[in-house]
Each structure stands twice: as structure tokens, then as C-alpha cells.
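Data first, discussion second: the structure below is written as C-alpha cells.
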Amino acid sequence: MRRIVSWAAILAVLAAGEAFLPGKDAAAGTWFSLLPPVLAITLALLLKEVLASLFLGVWLGASMVTGSVAGGFLATVATYARGALADPDHVSIVVFSMLLGGMVGVMSRAGGTEGVVRALEPLATTPRRSQLITWLMGVLIFFDDYSNTLIVGNSMRPVTDRHGVSREKLAYLVDSTAAPVACVALVSTWVGYQVSLLGDALKAGGSDLNPFSIFIASIPHAFYPFFALAIGLAAALTGRDWGPMLNAERRARAGELLAPGARPLADYESTALAPEPGAPRRWYNAAIPVMVVVGVTLAGLWWTGRRALAGAAEPADDLRRIIGASDPFTVLLWASLLGLVAAVGLAVGQRILPARDALEAAVQGFKSMLLAVVVLTLAWSLGQVCSDLETARFLVGAVGPRLDPSLIPAVVFGVAALVSFATGTSWGTMAILTPLAVPLVLAGAHQDAHHALLATTVSAILGGAVFGDHCSPISDTTIMSSMASGCDHVDHVRTQLPYAVLGAVLAMGIGYLPVALGELSPWPLLVAGTVAVALWFRLVARPVEPPRVR
């Protein structure tokens, strides 16, 4: 009853607030532009209602843009939701997720997922080992963050469930390896995008430095991605946690994988997906479709990259350039479709399922993704609202034009974190800040300091973008991590937040500030940060399971 009253009060305030509502001209690029994302994020965390919170955030922003509460209500669907689904890349993510959900549905109905659990039992014999295998899989699938999230989450969920690992912990391990690995890997779908942004920014600043060499030099300075990976590894290895995650893990060990009242973004517990009692539990009926997805993704990235570089002046024989020039969204569609075909073919070919039952299982898998697709659509809509209201321009301008060059990396990291948190996009944050921060370094630093300071600044942009993306409830990768892990989205954000903040504090205090102020080598700082992570888990984190009494 109290929650109904709260929502009624919020709706009444929005409906009655037209007289005080700033128009687009008054709100764009000002602190008013922060109101839509702040409203959506605050309500989602406080009331644990993701759909309603996102809708209200979009409605508020659309009302500012249109100048009318009623017009904003209609524009929420007619303009922003429709516009989000009209974007080809967004449609690709939706179809990719649906097809992968269908593949998982067929694998489950054919007994393949249960076969994987049985096959991994000799390795994943404890909660710690199952978490470690999850972390290792996240690191190994480094070529694309979306593929990483959905493959690792869907593959490891039955294994971690068997050993009493909370869905929140699984979602955290999936989320904390996907983007951090992809943004520092030399061969990933991120590289071409990052290098192209950097090249344009260098040209705008009048520099002839090689953008790829700057990107390579920035990798040792990627303090937040590396510390995020170290924190995930420590959480998996030590059997210790803290904060809301500790409560979630202790609850899961007691037999409750989800919190009371949790609403997972994907429903994998449907009895319609349960395998037939007499069906064989063969691990390869799940492993082969997953390997098809991975193999087709890698081959497709290479093929589309080669085709894109066919007319280039330089020979297309550099794998990094080939992957950077590839078309990842098209490739992911190919991979998920062929993975679904492989799952259906295995189930029907071995006579485990009739063709009709296999297709019904695929449809059930599609249905399991519906809530996640709606959340993604609203999150993208809110991102477009922030773009229309120039939220990022306000945050960047608030930093001020006069900065000591040595402080630029730390400040850029903070601004990137705020922008990506408010807008829910790491790539959008990079697109906004790279052309602003790079010329700032070129104009303020001495010529001999350009390379070192640029490398640190570029890594700060990437690190801040990934950090804000991790924390934000409106981030697509965070939503997909909740979806693939079968976790309540707000519970995932709430339990992951302390771990992401720890990584950000270490990155700022041990990484971006010291390396810029003291012109220090990043390698000792990376070691120092890793030691700090180990000490934190030793001194602050608490064992999930009580020590055994001899």
C-alpha cells in the first residue's frame, strides 16, 4: 500500500508540475538536464521498480523537450521508444538477445544445460571454484562485451545455482569481466572505435602522433579495468564478500538464490523449459551451440573486417586493424542465429525433441527475454533524452576550462564516470570526452609530456566510461548481465556498486593521480593496487561461510 501511495504521489507531482517545467531551451546544457536520469536512477534504487522508474525518467525528460507534460507522455512512446527501436544497432542487440534466449531455451529443454552442470562437477566442486571458472570464462571471451555477458551468464548460471552462488554474485562476475577485458584487449570490437575517436581528436588538436601507439601506451594506465578484474578475481578466490553482496551470498548458501520479492529480468525457471524426465543429459548439446556462437563471432569479425579494409591503401593483414574495422552487430546476429539452428538441429537430430517441441522451446526462450528488452528500450530512450537535453555538455562544462594539465587524467576519469552513469553508455561517453580531453592535453602540456599524459588521459576516459557503465541501472551491459544471469536488475546494481566504487577509489588514489602528478611508471602502481585489493579482502571482507571447527 505504501508503495502505491508513493507512485501516486510521484505521478501527481509530474502531472501538476507543468507550470514549473523548464522548456528545452532553458534545460539544455544546464543542471535541469540532470533531472531525468537522476529521477530514474534514484527511484529504481529506492523503490526497486525498474520499468516504472525508467518510464518516469523518460517522461520527465520528454516533457522538458516538448514543453508539455501531456506531450511528453505521448512522446515517451511515439518519439523516444520508437526511436530507440529504430536504431539498427539497438535492433541488432534485441534480436541477438532474443535468438540467444531461444538457443538457451532449446538447450535447456534438450537436457544440454544440465549436462554441462554434470560435466563441470569435477572442476566446479565448490562455490569458490564455480566462481573462479566464471571469472576465467569472462576473461577468455575478450573479443566482445555483449558476447561475453550473454555466453558466460547463460553457460555458468546452472553451475553456480548448483553450488549455492547467488544470482547477484554471478551477475557481478559476468559484468566485471565483460567491458574491462574488451576495452584493454588488443583484439576486440572496441579497438577500432577507440582508435578512430583518438585519431580524430589528435587531428583536431594539430598533432601527428599515431593514435594506435597512444592506445597501446594507454593500456598499462588502465587502472580501473585492471583493478575491477582484480577485485572480481579476489571475490571468486577468497570466499569473502562485504556489504549487500555478503548478505546475498549468505542467503544463497542457505538455499535462496534470489532475494524475496526479486523479479529476474529473464525467466529461466519456467517449467516449459525443463528437460523431459527420460531425456539424456549430454553436455555437448549445450557446449556445441555455444562454441558455434563463439566460432562464428570470431570468423565473422575477421571476414567483415577484411571486407571493410579491401579498398584500403595499407594491406589488411594486421589482425587488430581487421577486428577494429569489423561489423560486430551483424556478426552477432549471424552467430546467435546459427547457434539457435545448431541447438535445434542437435535436439531433433538425436530424437531428443520433435521439431515442433524444439521450436516451442525456442519460443519460450524468446519470451524469457521480454522484460529485458523492455528495460533496454527504456534505457536507450532515456539516453536519447539526455542527448537532447545535452546532459553530457553540462557535466563537462561544470569541470571548468582551466585545469592544471597534470590533473587532467583524474578529472577526466571523474567526469567520464558521471557522464556514463547519467547516460548509461560507455561508448557514448568516449565519443563525448575524447575530442574534448585530447586537445586539452595537447594545448596545456609541454611537447615532451604529450605522449605520457595523453596515454594516461585516454586510459582515464576508458576507465571512467566503464566505471559509470558498471554502476548505472540504465546501462545496456548492466541490464544484459542481469538478464543473462537471471538476476533482479536492481539487486545486481545494488550489490555490485560497492565493488565498483572500491575499484574507482583505488584507480583514482593509486593510479590516475600519482602517475600524472609524479610522472611515475604505471607498473608499480598496478602492483600496489592489486596488493591493496588483496588487503581489503583480507581485512574488510568477511567469509561467506563460517570457518569449520575442528
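Any read-out appearing in this document is the output of simple, stated calculations on the displayed coordinates, not a laboratory observation. Small disclaimer: the values here were computed from a predicted structure and weren't measured. Note: ideal-geometry Cβ built from the backbone for every residue, glycine included; neighbour counts use all protein chains shown.
What is region 23-86 by shape, rounded, prolate or oblate, if you read a ≥ b ≥ c off the alpha carbon gyration tensor as root eigenvalues and call it rounded for a/c under 1.5, prolate for a/b larger than b/c, and oblate otherwise?
Here region 23-86 falls in the oblate category.
What FRET efficiency would be calculated for the residue pair Ala52, Leu517, taking the C-beta separation as r and a Förster radius of 41 Å, to the nearest 0.05?
With R0 = 41 Å, the Cβ-Cβ based efficiency is 0.35.
Given R₀ = 51 Å, what would the calculated FRET efficiency be for Arg538 paired with Asp357, taking r from the Cβ atoms and rounding to 0.05?
So the FRET efficiency works out to roughly 0.50.
With the contact rule set at Cα under 8 Å and sequence spacing of 6 or more, what percent relative contact order holds for region 23-86?
28
In whole angstrom, note down how far apart the Cα centers of region 197-222 and region 36-57 are.
The two parts, judged by their Cα centres, are 37 Å apart.
Starting from the 7 Å offset along Cα-to-Cβ, what nm value, one decimal, do you get for the label separation of Thr126 and Ala254?
Inter-label distance under the simple model: 2.3 nm.
Say each of Ala86 and Trp31 gets a label point 7 Å from the Cα, pointing the same way as Cα to Cβ; how far apart are those two points in nm?
3.5
Label-point separation (nm) for Ala70 and Val531, each offset 7 Å from Cα along Cα-to-Cβ?
Between Ala70 and Val531, the simple spin-label model gives 6.7 nm.
Per 0.36 nm of contour for each residue apart, how much would the distance between Asp200 and Tyr284 grow if the chain were fully extended, relative to their Cα-Cα spacing?
25.6 nm
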